[in-house]
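Shown next, in structure tokens, is the structure this report addresses.
The values are calculated or read from the model by the stated rules, or taken from the named source; none is laboratory data. For clarity, every value in this text was computed on a predicted model and none was experimentally measured. Cβ atoms come from the backbone with ideal geometry, glycine included; neighbour counts cover every protein chain shown.
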2 protein chains.
Amino acid sequence: MKIAVDAMGGDNAPQAVIEGCIAALDDMEADIVLVGKEDVVREELKKYEGMYDEERIQIVHAEEVIENEDSPVKAVRTKKNSSLVMAVEMVRDGSANAVLSAGNTGALMTAALLRLGRIKGIERPAIVSAFPKLGRKGEFVLLVDTGANVDCTASHLLGFAHMGSIYRQHAFGTEEPKIGLINIGTEETKGTAMLKEAFGLLKGSGLNFIGNVEGRDIPRTEADVLVCDGFTGNIVLKLTEGTAWNVFKQIKDKLTEDFQAKLGALLLKKKLYSLKEEFDYSNYGGAPILGVKGLVFKMHGSSSANAVRQALLKASEVCKRDVIGEIEAKMGRYTEHGAE
Amino acid sequence: MKIAVDAMGGDNAPQAVIEGCIAALDDMEADIVLVGKEDVVREELKKYEGMYDEERIQIVHAEEVIENEDSPVKAVRTKKNSSLVMAVEMVRDGSANAVLSAGNTGALMTAALLRLGRIKGIERPAIVSAFPKLGRKGEFVLLVDTGANVDCTASHLLGFAHMGSIYRQHAFGTEEPKIGLINIGTEETKGTAMLKEAFGLLKGSGLNFIGNVEGRDIPRTEADVLVCDGFTGNIVLKLTEGTAWNVFKQIKDKLTEDFQAKLGALLLKKKLYSLKEEFDYSNYGGAPILGVKGLVFKMHGSSSANAVRQALLKASEVCKRDVIGEIEAKMGRYTEHGAE
């Protein structure tokens, strides 16, 4: 089992990416293939000489790098020797079981679509992001889609629900995952015409659909998977992140304003730290792009070494299960029989 | 100057509504007309006998009440003698300068549209909600629309921007309000086709447009007014409220877990309280429904007496300024000359 890692993708690449690989290696089954500029990667790996099993990390040279500013489609077409494209191709060619990149999201999406192809029955691949629930330690919800498709139809959302459900079950062991639909009210009649139609499709889908979930209830929803268009999902993900981050920053500022506050903060240090931990998105691994014929994980552009490590551990676990095959089988059945 | 208050609207009506009126009266210029079941209102007012200037609170009897479960359009058509409809009609008839209700939002919207009519040049009225900025004490942003229109065109958003700008200036004294467009990226090319078009319209609008604002940046945006469709606005408003509420709840739970934490919390009591205060939405008044020919303020269904008081103080201030006239003049000019 091997995971291809785009060594050059992300704001902190290659340092954080490689540090994350080294930190993950002992705790994961899969071996790693670092795809990137060979000399740069070798130089970086030197730091860890003797600290890891060199047989388990292979290097594949890639001459080019896709930058964040590059136009996705154009970059994938012209930078054929980029680390991102070559890493994705390793999955297509069967030389890796999964690929992981913190690089240009649009380019990763495009490469996944063009190089791996779409699973039959899936109209649109989607990005699935994990989202810690507030005040429910260790619990989290998967959000589908968080940015791949800004305009969606009801049937796209149905596909997202199926893929989210399968991924939740196979990657996290949740039986009959509860599926919620993000909407502006709990009643079936709320929202846009598209959402009303999606509600009907989900109700008849055979999935464990629990109904609409309002913005207010997202932070501690009962759902295991929340479905929405990629525009809404992106806003929800980033807004929660932004709000939580700002609340913590403000608490920190308050707690260092004067002596009494500092003393109080000292007594609460552990508690406040554990609170911050609960919000850490990176604990749930990378965000898979589901719907293509291969396992592709997107990491946050600013991923730390620890985030890379977590993403690798999860990817290695997921590789052992046949998520792609499950989606293919499910969507095949679905396409044959229609939405009962 | 008079403000018509729907005494029967809201989860805590009439108690919280009337308590809020009494608490506001001394600090506001406008007098109050309580519209509702006369015996119920009189009974409630008895509690405050001798504590307020009885000449400044008038009662208008309304036999019916529109419930939250009522279908908006049907309720406005059939419950002609309801407190909500009659309160709105007082504005139409010139017997009140503004109306305020914590009742059924859809019904208030419908009554405003049917009884007051739309301002010429405004395609869609919108709900404007204030939103405290995180870590910027006392600063806030106005969000337009937060739920009146789930599906929007680019030109609807342009109208929202104009109305939001005028309201911000007249109700809060901000000169040349900075207008932001909620989107999934800062670049002009991001988002749906509708948002790309809206970006262009806003750029050429003569408004102080500062560009796209991402989910992550909403909590402490530079913008004074953020524009979006009513679906997105509703999700953003409620998600922020939900996230902030849950973070505070969790802090509270942590701080009472054991003795050391309790001691620390005691030292930080003031700081943490001031933090919570900064998040209090009700400090910025009710949410005006702009675009109709009259001042209509919607309050949260669960409004406390303090929220009602704040909404009344703001409404009384806004009554003195000709917000409706300004919107009429602006949109008239706009309709004549088009978007330069």
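Here is how the numbers come out for the structure above:
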{"read-out": "Of all residues making up the stretch B:133-162, the number that are surrounded by 21 or more Cβ atoms within 10 Å (Cβ to Cβ) and in a strand (DSSP E or B)", "value": "4"}
{"read-out": "Flag for B:K190 being surrounded by fewer than 18 Cβ atoms within 10 Å (Cβ to Cβ), among the charged types (D, E, K, R) and either touching a residue at least 12 places away in the same chain (Cβ under 8 Å) or on the phi > 0 side of the Ramachandran plot (or both)", "value": "no"}
{"read-out": "Qualifying residue in the stretch A:110-125 (condition: in contact with a Leu (Cβ under 7 Å, 6 or more places away or on another chain) and over 15 Å from A:D6 (Cα atoms))", "value": "yes"}
{"read-out": "Which listed residue, of B:I327, B:I289, is more than 10 Å from every other protein chain (Cβ to nearest Cβ), under 30 Å from B:I184 (Cα atoms) and part of a strand (DSSP E or B)", "value": "B:I289"}
{"read-out": "Where B:T256 falls short, out of the listed (1) closer than 30 Å to A:L226 by Cβ; (2) more than 8 Å from every other protein chain (Cβ to nearest Cβ); (3) without any contact (Cβ under 8 Å) to a residue 40 or more places away in the chain", "value": "(1)"}
{"read-out": "Residue match in the stretch A:52-74 (condition: assigned to a helix (DSSP H, G or I), of a type outside the set (K, R) and under 22 Å from the mean Cα position of the chain (by Cα))", "value": "yes"}
{"read-out": "Of residues in the stretch B:271-286 being farther than 16 Å from A:L266 by Cα, modelled with pLDDT of 75 or more and part of a helix (DSSP H, G or I), the one farthest from the other protein chains (Cβ to nearest Cβ)", "value": "B:Y284"}
{"read-out": "Members of the stretch B:46-56 that are on the phi < 0 side of the Ramachandran plot and out of contact with any Leu (no Cβ under 8 Å at 6 or more places or on another chain)", "value": "B:K46, B:K47, B:Y48, B:E49, B:M51, B:E54, B:E55"}
{"read-out": "Residues (farther than 29 Å from B:T256 by Cβ and among the basic types (K, R)) located in the stretch A:269-318", "value": "A:K293, A:K298, A:R309, A:K314"}
{"read-out": "Yes/no for B:D39 being more than 17 Å from B:G9 (Cα to Cα), surrounded by fewer than 21 Cβ atoms within 10 Å (Cβ to Cβ) and modelled with pLDDT of 95 or more", "value": "no"}
{"read-out": "Hits in the stretch B:180-192 - residues which are modelled with pLDDT under 95 and either more than 12 Å from B:C228 (Cβ to Cβ) or more than 9 Å from chain A (Cβ to nearest Cβ) (or both)", "value": "B:G185, B:T186, B:E187, B:E188, B:T189, B:K190"}
{"read-out": "The stretch B:50-62 residues that are over 19 Å from B:D27 (Cβ atoms), paired with ones that are of a type in the set (D, E, K, R) and surrounded by fewer than 17 Cβ atoms within 10 Å (Cβ to Cβ) (beta carbon under 9 Å, 6 or more apart)", "value": "B:I59/B:E38; B:I59/B:R42; B:V60/B:E38; B:H61/B:E38; B:H61/B:D39; B:A62/B:E38"}
{"read-out": "Residue match in the stretch A:123-134 (condition: under 22 Å from A:H61 (Cα atoms) and polar (S, T, N, Q))", "value": "no"}
{"read-out": "Residue within the stretch B:99-110 that is crowded, with 24+ Cβ neighbours inside 10 Å and in a helix (DSSP H, G or I) present", "value": "yes"}
{"read-out": "Matching residues in the stretch A:157-192 - criterion: being in contact with a Gly (Cβ under 8 Å, 6 or more places away or on another chain) and β-branched (V, I, T)", "value": "A:I179, A:I182, A:I184, A:T186"}
{"read-out": "Residues (in contact with a helix residue (DSSP H, G or I) (Cβ under 6 Å, 6 or more places away or on another chain) and of a type in the set (V, I, T)) located in the stretch A:33-47", "value": "A:V35"}
{"read-out": "Unique match (being assigned by TED's automatic domain parsing to the domain that holds A:S274 and closer than 29 Å to B:S71 by Cβ) among A:T186, A:T146", "value": "A:T186"}
{"read-out": "Unmet criterion (only one of (1) more than 20 Å from A:M109 (Cβ to Cβ); (2) of a type outside the set (S, T, Y); (3) within 14 Å of chain B (Cβ to nearest Cβ)) for A:H300", "value": "(1)"}
{"read-out": "Verdict on B:E69 being closer than 26 Å to A:K190 by Cβ and assigned by TED's automatic domain parsing to the domain that holds B:M299", "value": "yes"}
{"read-out": "Test result for B:G230, touching a strand residue (DSSP E or B) at 6+ places or on another chain (Cβ under 9 Å) and at the interface with chain A (Cβ under 9 Å from one of its Cβ atoms)", "value": "yes"}
{"read-out": "The stretch B:233-246: number of residues that are at the interface with chain A (Cβ under 7 Å from one of its Cβ atoms), farther than 23 Å from B:D151 by Cβ and either without any contact (Cβ under 8 Å) to a residue 24 or more places away in the chain or of a type in the set (F, W, Y) (or both)", "value": "3"}
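Matching residues to (1) among the aromatic types (F, W, Y); (2) under 21 Å from the mean Cα position of the chain (by Cα); (3) assigned to a strand (DSSP E or B):
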| residue | (1), (2), (3) |
| --- | --- |
| B:G164 | no, yes, no |
| B:T174 | no, yes, no |
| B:G180 | no, yes, yes |
| B:G185 | no, no, no |
| B:E188 | no, no, no |
| B:M194 | no, no, no |
| B:A198 | no, no, no |
| B:S205 | no, no, no |
| B:F209 | yes, no, yes |
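Residues checked against (1) surrounded by 19 or more Cβ atoms within 10 Å (Cβ to Cβ); (2) closer than 18 Å to B:G9 by Cβ:
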{"site": "B:S274", "(1), (2)": "no, no"}
{"site": "B:A287", "(1), (2)": "yes, yes"}
{"site": "B:V292", "(1), (2)": "yes, yes"}
{"site": "B:K298", "(1), (2)": "yes, yes"}
{"site": "B:Q310", "(1), (2)": "yes, yes"}
{"site": "B:K314", "(1), (2)": "yes, yes"}
{"site": "B:R321", "(1), (2)": "no, no"}
{"site": "B:I324", "(1), (2)": "yes, no"}
